[in-house]
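One structure is given here, and the rest of the page talks about it.
The values are calculated or read from the model by the stated rules, or taken from the named source; none is laboratory data. Keep in mind the model is a prediction, meaning the values are calculated, not measured. Cβ atoms come from the backbone with ideal geometry, glycine included; neighbour counts cover every protein chain shown.
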Amino acid sequence: MENKYTGKTFIVEILAVLLGLLFLVPFYYVISNSLKPFAEILTNTSALPKVFQFENYVNAFEKLNYLKVFSNSLIVTVASNVVLVVFCSMAAYMLVRTKKKISNIIFMTFVAAMIIPFQSIMIPLIKTAGTFGLLNSIWGLVIMYLGFGSGMTIFLYHGFIKGIPKELEEAAIIDGCSRFGVFWRIVFPLLRPITVTIVILNSLWIWNDFLLPSLVLQNPELRTVPLATFFFFGQYTKQWDLALAALILGIIPLLIFFFSMQRHIIKGITSGSIK
């Protein structure tokens, strides 16, 4: 059957374009104002810059100590993704393959944990973290991301693993492979689409997160990009020109990563839902 171009289709396309433009408005304000002198930002935030002041980016780069905070963010993001993928993929596999009632209870507990607001538990969490010496530590922050990211990661892996034929594992076990070997040699390579999706989604969350690092990392040498950017907003003055330039510097690595990997998001989620 031929797809006819109707008035309804035209209206939907117009609404989609308008929605896309609406999402681009914040980017316009951030980019245009990051290229203005401070005084010009206060005068008119909507207009294009009269003179493009690229010095804002140079000054922001230096004051941020950008290479240091970038490396901190990179370490936290990569390490958190590694531990989330390793532990949560194994946990999801055991929850799927262990046919016991307790497995369903544990899985539902992880899913239910996703709806708990972080703000409701952050004070007792920080007290507990201090007791175990996890404050002012990159690795302490990684452990916390493992806790907070496990719910969604296990949920996504769980749905994908249920679609993997069990016969593949049984054949490997007959050939003498251990349960641990079956997972890493047979199952885990099949999880590549959903693993890429999980890494992308968790990277977007962890790289941009401000609240948890602000509670855990008090040492200026351990600041991530969002934390370092925040210090352009003082109690009595706000350096909007440098702060907006710093925001762009923080967004650029994430945009490069996202656009290079975005095709895997739909592929991974679709594969998981179909399976």
| request: Working only within the stretch 152-186, note down all residues that are hydrophobic (A, V, I, L, M, F, W, C), crowded, with 20+ Cβ neighbours inside 10 Å and either out of contact with any helix residue (DSSP H, G or I) (no Cβ under 6 Å at 6 or more places or on another chain) or closer than 30 Å to residue 74 by Cβ (or both). | output: 154, 156, 160, 161, 183
| task | Pairs only if they're at least six apart or on different chains, beta carbon under 8 angstrom, first in the stretch 242-262 and polar (S, T, N, Q), second part of a helix (DSSP H, G or I) and crowded, with 16+ Cβ neighbours inside 10 Å; list them, first residue then second. | result | 262/200
| request: Please find, among 250, 176, the residue that is among the small types (Gly, Ala, Ser) and under 19 Å from residue 80 (Cα atoms). | output: 250
| query | Is it true that residue 95 is touching a residue at least 60 places away in the same chain (Cβ under 8 Å), touching a His at 6+ places or on another chain (Cβ under 9 Å) and among the aliphatic types (A, V, I, L, M)? | reply | yes
| request: Test residue 168 against the criterion of being at pLDDT 90 or above and either closer than 19 Å to residue 246 by Cα or hydrophobic (A, V, I, L, M, F, W, C) (or both), and give yes or no. | output: no
| note | Filtering the stretch 34-49 down to residues that are touching a residue at least 12 places away in the same chain (Cβ under 8 Å) and either of a type in the set (Ser, Thr, Tyr) or at positive phi (or both) yields 34, 45, 46
| query | Of everything in the stretch 114-127 that's in a helix (DSSP H, G or I) and surrounded by fewer than 11 Cβ atoms within 10 Å (Cβ to Cβ), which residue is nearest to the chain's Cα centre (by Cα)? | reply | 119
| request: Among the candidates 147, 176, 133, 163, single out the residue that is closer than 18 Å to residue 214 by Cα and not in a helix (DSSP H, G or I). | output: 133
| remark: Scanning the stretch 74-112 for residues that are under 22 Å from residue 182 (Cα atoms), buried (at least 16 other Cβ atoms within 10 Å of the Cβ) and among the small types (Gly, Ala, Ser) gives 89, 91, 92
| said: Here is a check on your reading of the model: is residue 184 among the aromatic types (Phe, Trp, Tyr), within 30 Å of residue 167 (Cβ to Cβ), part of a helix (DSSP H, G or I) and at pLDDT 85 or above? | reply: yes
| message | Quick check on my filter: what residues within the stretch 5-45 are surrounded by fewer than 10 Cβ atoms within 10 Å (Cβ to Cβ) and not in a helix (DSSP H, G or I)? | response | 5, 6
| note | Checked against (1) of a type in the set (A, V, I, L, M); (2) over 30 Å from residue 180 (Cβ atoms); (3) in a helix (DSSP H, G or I), residue 48 satisfies every condition except (3)
